[in-house]
Each structure stands twice: as structure tokens, then as C-alpha cells.
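Provided herewith is a single structure, encoded as C-alpha cells, for subsequent inquiry.
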Amino acid sequence: GCCTFDEPLTSCGYSQSDDDDLNWEQVNSPVKPSSTQGMPSGSFMLVNTSGRFAGQKAHLLLPHLKENDTHCIDFHYYVSSKSGASPGTLNIYVKVNDGPLGSPVWNTSITATWSRAELAISTFWPNFYQVVFEVVTSGHPGYVAIDEVKVLGHPCTKTPHFLRLQSVEVNAGQFATFQCTANGGTDSSDRLWLQGIYVRDAPLKDIKVFNSRRFVALFSVVNATKRDAGNYRCMIRTEGGVGVSNYAELIVKEPPVPIAPPQLSSVGATYLWIQLNANSINGDGPIIQREVEYRTSSGSWYDIQPVDSTSYKIGHLDPDTEYEISVLLTRPGEGGTGSPGPALKTRTKCADPMRGPRKLEVVEIKSRQITVCWEPFGYSVTRCHRYNLTVHYRYQAGGQEQVREEVSWDTESSHPQHTITNLSPYTNVSIKLILMNPEGRKESQELVVQTDEDVPGAVPLESIQGSTFEEKIFLQWREPVQTYGVITLYEV
């Protein structure tokens, strides 16, 4: 890679690019020509920007270099113009393994006589690199030249050398931190940055100086996304030149999310068996943890449980309650848990009522109706949102037992009650409440109540018989069919 340009540049392994707008010229003039004011004397490579419009490029390619030991590329450069305006920009690129050109690692557009700069390039076996000198014209006439390119077998004197940069893998949304370790010193005038290929550069986050010969610079790619994935390298620009590390890869993984909702296997009053159904995912593996997240469809209650198999029984649930169940998957690394997958909406079965209604009491007794009340109850007793409450009662009528039932609709009140009508006066009535849901029934204690007495029915006319005597009339008759109580007096 060394070249003084006293011989043809091809003897040094240098070449011109076929993809630029103009060529570099090799100049060998011990005495500066008088007609070319501003052109240096000697042997060197030159770009004459006169007559060129702005933005034209000339590339000079050095041979591929594969230096496993620490080395330094040293060169001289020259920028001049008759008018004092910059004739263009001198850029230096470091291509790795014939990859993309990337961004310049060093540049200048300031007019100056012969100056020296150095490149501390850290590229390690089996990788190779190629240095490219580029001139981009400004539209102003002048000269840009380079000379005395040397590959030295020792570290650069004014620029630190980076140690091997390691690749970093993070999950999307996390901070990706690159640790750039360098041999050499640094001061506040140096510029440090993390340079990417086709991705955003990252500014310096922190620097730790251990001694005059070792420091570590930390760079973070904040809230990394897939668009940030790619190759990055450490850069330092010093007064004497530039240090360039090897490329390391930023790998951004998407936390996994199931494509399909879990599948329902069986349902109980307090449990749900599910199949996770999480083999197909969006995002990246490997999967190191599976969790089931379940919540009530109404309300804010939810829970998360780790799962170590493809099926899972969710227990201790409330009966007759709708749940939304999702699967969460986790891959290695911080922030590796993906969003919940699609939700399965399902409802537990009703459970057998906890008990029957309590404190069945009489509110009012009349001759033909009875009003009863009971202790109010709610879901904790019914254990189902679908239930009914029936009033069962039985009594004797006409020598036969009559059994009736009525549905009570007063179940939401804080003072529930029910009135049984069309009863017979002075009749013993057995009353109980039955709470029923699809899974079972529970009864209250039975209450026996007697209706009040009422006006008795008429004495049957056909039963009235009489006998006459000299001084009296004797009458007899049967009881009314409906006595409706105890008859204490007959009037004739």
C-alpha cells in the first residue's frame, strides 16, 4: 500500500475507478511549472478542478490490505486555489470486504500547503479493507493532491487504535450499547461517534478514561427498531487523523407475538382448559417463556401465569363470567416479551347455588293472601347471572293437597318480598323458596302459615230441619261447607 508516486501508480497496486466523473493525474515535476500557479512540485497524485462544475468526483483506489498486526497508514495532502476559495473536498473512505463505500472516515476542504494525516484502521482477519481517496469538486479552480502514502508497521502516533468491536443483539424498543475500547489517549477536542452503513449514526453516550493509553467510549442506539439493524463502527477524529474500528453488526430482534388466539379445550364453573396454539408467531425466537394473561371482559381484574406446556388449566375463576385469554411469548434479552396475542373470549359455566334463600319470614297475613320476605342475595349466592327464584306452597283443599309455584320477579330489591293470592281463609299453607340456575337448585327452610279467618259460607238450606211442639220449635242444620274459621255463633 506504500507509494511515493515516483513510479507509475500501477506499480504500487493503485488504480482509478471506472464509476467516477474524472481521473486523478500522476504528476512528476521536480520544478514547479511557472504557468501553473498553486501546483506543488515533486511526484504526487493530483486532481485539477479547473473547468469542472460542482459535484464531480474522482476516485483513487488503494490495493486491498489485510494487516493482522497493528499498523498505521500515513499520507500527505495538499489543497490550493488561486482565488482562495476551496477547489473541492478530499474524502477518505474505508471499504471492508468490497462492501459499500459507506460514509467518509476523514475529509477536508480547507486550502493548505502539504500537511500530514494518519489513519488508524482496525480491521481483523479474515476481513480485508480498501482505502479510497475521493475528490468532490466545488466548481472553483484549484488543486487537490496526495503524496507519500505509507503503511507503517507500528501504531499511529497521534490517533488511537480501536480494539475489536463486538456485535450487539437487542430486542426492538431497547437501547443497543456499543462499547468501543481504544489504545491511545484522547482529549476534549477529539470527536467520537458510531458510524453506520445506511443507518443513523449514534452520538457519544459516555467515555471512561482508564489511563493515558486506554479509554472506552460508549454509544447507544436509542429505541432500536428493525430499521436500525446493520453494521456500525467506532470513529474518532483527532487533530492528527482518524481512527476506524472494524464493523460490528447490530441485530434487532422483534419480540414474538402469537398469530392465533388460544383454543378452548373444556369449560367448568371455576376453570378453563386451553391449548396455547402459539406455534405460529410474528417476530423472532427462540421462545424461552410462555405466559397466559387472562382478564375479565368487564372490569379491570387480570392475572398472568407462567406456562411450561402447550396446554394449561386456568383455575380459581368466577362462575358464569366472561374472560379474555391471551398468550405472551418471551425471547432472550431485556424487553424480549412480545405483546399479548389475539384474545380468546369465553365464559365459565354456572356453578351450583351456594345455598338457598335465608330468613324467610311473614310480612302480612290476610284471609286470602300471604306476603313473605327474605334476606336479599346476590351473585355470591346464585353463582350464576342466569337464575330464577320460585315460591312453592302447598295446602289442603277439599280433602286434597294442592301444590302451587309462582316465579318471584323481586330478586334485585334490597327488601325482596312476594305475595301469594287466591288462598282459602283459615288454611295452613307451607311455603318455601327455591333458587335455581342451569347447574342446580337450593331450597330455603319451609315456613307454615295459617291464613286469617273470614266470613263463613251460608248454611246449606237443604240441611235445615225443624220440629214443632206446644211451646217450642226445634231446629237443626249442618255446618257451612266453607267455615273459614271456627264458628262461634249462629243467629236464627
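Return a yes/no flag: does segment 332-343 have any residue that is closer than 23 Å to HIS385 by Cβ and not assigned by the TED database to the domain that holds ILE434. Even if it seems obvious, please write down each step before you answer.
Here is the first cut: in segment 332-343, the ones closer than 23 Å to HIS385 by Cβ are 343.
So of that shortlist, the ones also not assigned by the TED database to the domain that holds ILE434 come out as 343.
Yes, some residue in segment 332-343 is closer than 23 Å to HIS385 by Cβ and not assigned by the TED database to the domain that holds ILE434.
I'm checking my understanding of the structure. Among residues of segment 111-121 that are hydroxyl-bearing (Ser, Thr, Tyr) and in a strand (DSSP E or B), which one is modelled with the highest pLDDT?
Looking at the filtered set, the residue picked out is SER115.
Sticking with this structure for a sec: For segment 159-171, how many residues are surrounded by fewer than 17 Cβ atoms within 10 Å (Cβ to Cβ) and not acidic (Asp, Glu)?
Total satisfying the criteria: 3.
Each row is one residue, and each column tells you yes or no for (1) modelled with pLDDT under 90; (2) under 47 Å from the mean Cα position of the chain (by Cα); (3) surrounded by 15 or more Cβ atoms within 10 Å (Cβ to Cβ); (4) not aromatic (Phe, Trp, Tyr).
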{"site": "THR123", "(1), (2), (3), (4)": "yes, yes, yes, yes"}
{"site": "THR137", "(1), (2), (3), (4)": "no, no, yes, yes"}
{"site": "PRO141", "(1), (2), (3), (4)": "no, no, yes, yes"}
{"site": "ASN183", "(1), (2), (3), (4)": "no, yes, yes, yes"}
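Please name all residue pairs, on different chains or six or more residues apart, with Cβ atoms under 7 Å, provided the first residue is in segment 182-211 and is farther than 21 Å from GLU239 by Cα and the second residue is in a loop (DSSP other than H, G, I, E, B).
From segment 182-211, the pairs are ILE197/PRO100; ILE197/GLY102.
Counting only residues that are more than 15 Å from SER245 (Cβ to Cβ) and touching a residue at least 24 places away in the same chain (Cβ under 8 Å), which one in segment 100-111 is farthest from the chain's Cα centre (by Cα)?
So the residue we want is THR111.
Sticking with this structure for a sec: In segment 211-227, which residue that is modelled with pLDDT under 95 and open to solvent by less than 10 Å² (accessible area, probe 1.4 Å) is nearest to ASP284 (Cα to Cα)?
Residue satisfying both the conditions and the ranking: ALA224.
Which of (1) of a type in the set (Val, Ile, Thr); (2) crowded, with 16+ Cβ neighbours inside 10 Å; (3) modelled with pLDDT under 95 is the odd one out, the single condition THR310 does not satisfy?
Every condition holds for THR310 apart from (2).
Kindly indicate the residue of segment 450-492 that is hydrophobic (A, V, I, L, M, F, W, C) and outside any loop (DSSP other than H, G, I, E, B) and also nearest to VAL429 (Cα to Cα) among those meeting that condition. Steps first, please.
Of all residues in segment 450-492, those hydrophobic (A, V, I, L, M, F, W, C) come to 455, 458-459, 461, 464, 469, 473-475, 477, 481, 486-487, 489, 492.
So of that shortlist, the ones also outside any loop (DSSP other than H, G, I, E, B) come out as 461, 473-475.
Working: LEU461: 31, ILE473: 42, PHE474: 39, LEU475: 36 Å.
Among them, the one singled out is LEU461.
Here is a list: SER444, SER424, SER430, SER413. Which entry is closer than 19 Å to MET354 by Cα and either among the hydroxyl-bearing types (Ser, Thr, Tyr) or touching a Cys at 6+ places or on another chain (Cβ under 6 Å) (or both)?
SER444
The values are calculated or read from the model by the stated rules, or taken from the named source; none is laboratory data. From a predicted model like this one, the values you see are computed outputs, not experimental measurements. Cβ atoms come from the backbone with ideal geometry, glycine included; neighbour counts cover every protein chain shown. The area values use the complete protein model at the heavy-atom level, side chains included, leaving out ligands, DNA and RNA. Shrake-Rupley method; radii C 1.70, N 1.55, O 1.52, S 1.80 Å.
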